[in-house]
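These notes concern the structure reproduced below.
None of the figures in this text is laboratory data; all of them are computed from the coordinates on show. Please read all numbers here as calculations on a predicted model, not as lab measurements. All Cβ positions, even for glycine, are placed from backbone atoms using ideal geometry, and neighbour counts span all protein chains on display.
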Amino acid sequence: MSAAIAAPLGWFGVNSGGERFCSDCDGQSIVLAAASYAGNSTADARLLAQLRYMLNGRDPFGNGGYMAQHERMLTGPLALAKLTPRVWSQLTAAEVTKADLVMKATLVGSAYTTADASYAGGKTPTGIDGDTNLDRGWNPNYREGMVGAVLVSTLYLGGRGPTEAFLNAYDHAAFTAQLQSAGLTHLHAVFATSGGGAPGGATIAANIKNYRYTGLTLDQLFDIYLALASDTFSTTVACGLNGGAGVSVGSGQFSGLLAAGCAGLPNKGQLGQLKEFDSVDANGKRSATFYAFDGFKPHLTNHLVLLAYGALKPGASLTTALSHLGVGATDLFYKVTQGYRDYAKGHDYGVYKLPATPTDGYQYFRPLWEQVVAPAHGL
């Protein structure tokens, strides 16, 4: 908690080359929101500072693509803060309006890029701004961000009824004007995009109407979550690619494997390893801690929000999902502690081992799992 309070405030921005980023978005905002929700008032002031910082000219983008995973650093805390009256009541009416618009905009962006209607007839949508770097069927860092946005915003807005009513009545021009009026500059720039492959307002409105994700409706959020979990934790625990042997990178060197500690790897052979430890990309095999963690972070945040809103249904399906999540978390933390030689895009990225600089958020997400989420499920 002290580290999260002391951490810099996270923010969204665009560099001189037009590249979008989220700076200092390591997970401290999630920890602050979780602590406040759990009754720890010492986190309240910093949480409010963080929310206000992002809502004032440092807002996310909402195009429904790659950056959706990072947008959970704001949308997750907003969803939890709304369940924390002593925090939420301190926001002004204008700030609540901005929060609502952020949640609706990120919903629209990802609803459009994940809706069945957008993929009908074998089509693949672009982002709201014409971005082609996305697909709802890609690896977990995309899926958890994009589909997770639909989960989190639907809960924030009050469930299927209010959410579907908003989506079904969506007016692109009017909504874009609201973003501009509220000073949400990044979101407005995305939603105001025309040409360059960006969908027209009528297309967006048509595809998000009566939203379905692989046939599932917005009152089936738990089933949507299970679909995400079954993909994110879908591989068998191993010491690396090719049964732990890794892939050759020349000169007798191998990558995509544990640098040390293979004999002590927990849960070897069990299902639940993060997909990005045994996946593929455009250049072939992929096994990398940074991609695995990029799927784990939004997944755990999505899970935490569903847990807080009572949307996780006890039973055999949840027990199985939690088992796989536990295996995957244990595996990830073991590998980054022992050291893992990352392989992606046909390249060896060397050994990642904690402690590392930057720590990339392990200092927040590991205790969030081990001290908050796992105990909440009696694990």
What residue among LEU218, LEU187, CYS239 has its Cα farthest toward the positive end of the dipole of region 148-298, where the charges are +1 on Lys, Arg and -1 on Asp, Glu, each on the Cβ? CYS239
Report, in debye and to the nearest 20, how large the dipole of the chain comes out about its Cα centre when Lys and Arg carry +1 and Asp and Glu carry -1 on their Cβ. 300 debye
Rank THR185, THR203, THR289 by mean-square fluctuation in a GNM of the chain with C-alpha springs under 10 angstrom and give only the top-ranked residue. THR203
In terms of the alpha carbon gyration tensor, root eigenvalues a ≥ b ≥ c, rounded if a/c is under 1.5 and otherwise prolate when a/b exceeds b/c or oblate, region 328-379 is prolate
Per the helix-only calculation at 222 nm, which mean residue ellipticity applies to the chain, given -39500 (n - 2.57) for every DSSP H run of n ≥ 4 and division by its residues, nearest 500 deg cm²/dmol? -15000 deg cm²/dmol
Comparing ALA169, ALA99, ALA43 in a Gaussian network model of the chain (Cα, 10 Å), the one with the largest mean-square fluctuation is ALA169
If I take every Cα pair under 8 Å that is 6 or more residues apart in the chain, average their sequence separation and divide by the length, what percent do I get for the relative contact order? 16 percent
Of PRO60, PRO85, PRO266, which has the largest mean-square fluctuation in a 10 Å C-alpha GNM of the chain? PRO85
Can you give the direction-averaged projected area of the convex hull of the alpha-carbon atoms in the chain, in nm²? 18.6 nm²
Among ALA169, GLY158, THR124, whose Cα lies farthest out toward the positive end of the dipole of region 99-185, if unit charges sit on the beta carbon of Lys, Arg (+1) and Asp, Glu (-1)? GLY158
Links exceeding 32 Å between C-alpha atoms in this model, out of LYS82/LYS268; LYS98/LYS209; LYS98/LYS335; LYS104/LYS335; LYS98/LYS345; LYS82/LYS285, come to LYS82/LYS268; LYS98/LYS335; LYS104/LYS335; LYS98/LYS345; LYS82/LYS285
proj_area_mean for region 226-376 (convex hull on C-alpha atoms), units nm², value 9.1 nm²
